[in-house]
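Scroll down for the structure; my scribbles are underneath it.
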Amino acid sequence: MNYSKIIAQQRAFFSSNQTKDIQFRIAQLKKLKYLLQENEQAFYQAIYSDFKKSAFETYTAEMSFIYDEIDTAIKKLPKWAKKKRTKTNLVNLPARSYTLPEPLGVSLVMGAWNYPFQLSLVPVVTAIAAGNTVILKPSEIPSQTSQIMASIINKNFPVAFLYVVEGGIPETTQLLEQKFDKIFFTGSTAVGKIIYKAAAKNLTPVTLELGGKSPALIMKDAHIKETAKRIVWAKFLNAGQTCIAPDYLLVEESIKDTLLEALTEQIKVNDYRFDQENYVQIINAKNFDRLEKLIDNNKVYIGGESDAKSRYIAPTILSEVQFEDPIMQDEIFGPILPVISFNNLTKIIQKIKERPKPLSLYVFTKNKTIKNRILHEISFGGGAINDAVMHITNPYLAFGGVGDSGMGSYHGEAGFRDFSHYKSILEKPFGFEPNFKYPPYSKSKLTWIKRIMGS
Ligand code: NAD
């Protein structure tokens, strides 16, 4: 496919200034929402055939996010896109100062497979809201899902404004040879580095929404039953294939056994079976094999069963885990939950700090001092106190990583800012021009300047 031709078309369209019109953006967002709602059943079917994700989970963890993002953007766009007045310093008076958001131009959005609609379309919504044109490259792994996005979008939007390119590594590599004004990538840290390098050639700004091992700390004063309920839901949602799922638990030794029992009880209550539509498959054989190898039978507390044919791995808890174990080396991204116990909080904080900065961190405690210590001492993308995963559902909270877990953030206004450049403008009237800044310089001019500048 000739990507340079598509990009040239998008550049020309962007240059026509049509995307700068707020009403144009709102109309496109309304159209996108209409198309998604019209085809919602087809979206459910596509994702079910890719990895048995139920309509319930597809709606709650995918479609509702997109609708919400569209509705918020439509409502808030006029305010977000307005110039924002700021103070003017004495030396420039009389004048007005403000920042003016402008779209970056032709953007490239690349999605991951685990929430294939949401991770592709929320950034697309954001890019449109900010006035950009968009090329979307969804993950090739859930093929039905990628196909349906391409067919619906490419049939209904002009190529010059919004276009879906389907494909995997070769197509992405070719796309990355082109010059974009913005690249938004969701995926692994390893591929994130490839994207960042390719973008650097053209000094293209990037947002990298990456992964990593997100810890959950459970302190002895936590409400055990509720903690177990929230953790089990967050971990086994999408069969653990969630970037912000608690990757591993750090539990105070004195409550370890009680917590393990409560987690086991909750797993039973949640009835994780495909035929009940409470559970999803592992996305493909490659990931199934990788995950199966991570199950150390000597450490299985509950679960451990698997079936290659249906790509099923039971919710599994590993106990007596050490930081040196294979399961603790890379992001798990599947339904296996290692539990490490500890007695010394200072040492455990240090252990987390020695590892790459996580995308999320969770702490379960009623103790304010402990909560504040963790929030202040450990760097991580975002997280929750006494909950897990749910912070992503609040559009008023920016979502993104730090260090190895990414850069930049989105959702709500944060996304609008991410796809915009803010021009800083000083606007002066005619009619008043003191002479002291102009040559020829003199001692008295210097005295004046010092007085005005306050130094
Ligand atoms: P991935 O990095 O393998 O793939 C992501 C995208 O990159 C896909 O579109 C794929 O086609 C493309 N790609 C893959 N290899 C490439 C290469 N060598 N060169 C160029 N492009 C390439 O990630 P994934 O397996 O789809 O998703 C899992 C990862 O994504 C996990 O690490 C997870 O934590 C992370 N993730 C992060 C977030 C977030 O919001 N921070 C959300 C979901 C997933």
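The values are calculated or read from the model by the stated rules, or taken from the named source; none is laboratory data. Everything numeric here is computed off the predicted structure, so don't read it as measured data. All Cβ positions, glycine included, derive from the backbone under ideal geometry; neighbour counts span all protein chains shown. The area values use the complete protein model at the heavy-atom level, side chains included, leaving out ligands, DNA and RNA. Shrake-Rupley method; radii C 1.70, N 1.55, O 1.52, S 1.80 Å.
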Of the options 157, 364, 204, report the single residue whose Cα projects farthest towards the positive end of the charge dipole of the chain (beta-carbon charges: Lys, Arg +1; Asp, Glu -1).
204
For 3-16, 331-344, ranked highest to lowest by mean beta-carbon neighbours within 10 Å, the order is 331-344, 3-16
Considering only protein heavy atoms and a 1.4 Å probe, what is the carbon-and-sulfur percentage of the accessible area of segment 386-455?
61
From the phi of every residue in segment 253-264, what ³J(HN,Hα) in whole Hz does the Karplus formula 6.51 cos²θ - 1.76 cosθ + 1.60 yield, where θ is phi - 60° and glycine or proline is x?
3, 5, 10, 4, 5, 4, 5, 4, 5, 5, 5, 4
Students often forget the sequence filter, so: which aspartates and glutamates lie under 18 Å Cα-Cα from residue 33 once same-chain residues fewer than 8 apart are removed?
62, 68, 69, 71
Calculate how steeply helix 189-200 sits against the longest principal axis of the alpha-carbon atoms of the chain, using the helix alpha-carbon long axis, and give the answer as 0 to 90 degrees to the nearest 10.
20
Amide H neighbours of residue 134 at under 5 Å, excluding residues fewer than 5 places away on the same chain, with H built from the backbone geometry, are 107, 162, 163
Positive-end residue of 383, 318, 340, charge dipole of segment 215-394 with Cβ unit charges:
383
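Can you compute the equivalent ellipsoid semi-axes for segment 225-361, i.e. the square root of 5 times each eigenvalue of the Cα gyration tensor, sorted largest first and rounded to whole Å? Before the final figure, lay out the partial values.
Working: eigenvalues 113, 60, 36 Å².
Over the Cα atoms of segment 225-361, the ellipsoid semi-axes are 24, 17, 13 Å.
Over segment 256-349, give the accessible area per residue in Å² for a 1.4 Å probe, as an integer.
Here the per-residue accessible area is 50 Å².
Which of the three applies to segment 1-141, rounded, prolate or oblate, going by the alpha-carbon gyration tensor with a ≥ b ≥ c and a/c under 1.5 meaning rounded?
prolate
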Which residues' amide hydrogens lie under 5 Å from the amide hydrogen of residue 406, considering only partners 5 or more residues apart or on another chain, with H built in the peptide plane?
210
Under a straight-distance cross-link criterion of Cα-Cα below 26 Å, which lysines are reachable from residue 225, leaving out those fewer than 8 residues away in the same chain?
213, 235, 256, 268, 299, 366, 368, 371
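Given the peptides 85-92, 360-367, 103-110, arrange them by the average over their residues of other C-beta atoms within 10 Å, most packed first. The partial results should precede the final answer.
Working: 85-92: 11.2, 360-367: 22.0, 103-110: 25.0.
Top to bottom by mean Cβ count within 10 Å: 103-110, 360-367, 85-92.
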Net dipole in debye of the chain [+1 Lys, Arg Cβ; -1 Asp, Glu Cβ; about Cα centre; nearest 20]:
2960
Within the chain, helix-based [θ] at 222 nm, where runs of 4 or more DSSP H residues each add -39,500 (n - 2.57), nearest 500:
-12500 deg cm²/dmol
The chain: C-alpha gyration tensor shape, a/c 1.5 cut-off, then a/b vs b/c:
oblate
The ³J(HN,Hα) series, computed from each phi in segment 130-135 with the Karplus coefficients 6.51, -1.76 and 1.60 at θ = phi - 60°, rounded to the nearest Hz and given as x for glycine or proline, is 7, x, 9, 8, 9, 10
Non-local amide H neighbours of residue 311 (under 5 Å, H modeled in plane, Pro and chain starts lacking H): which ones?
none
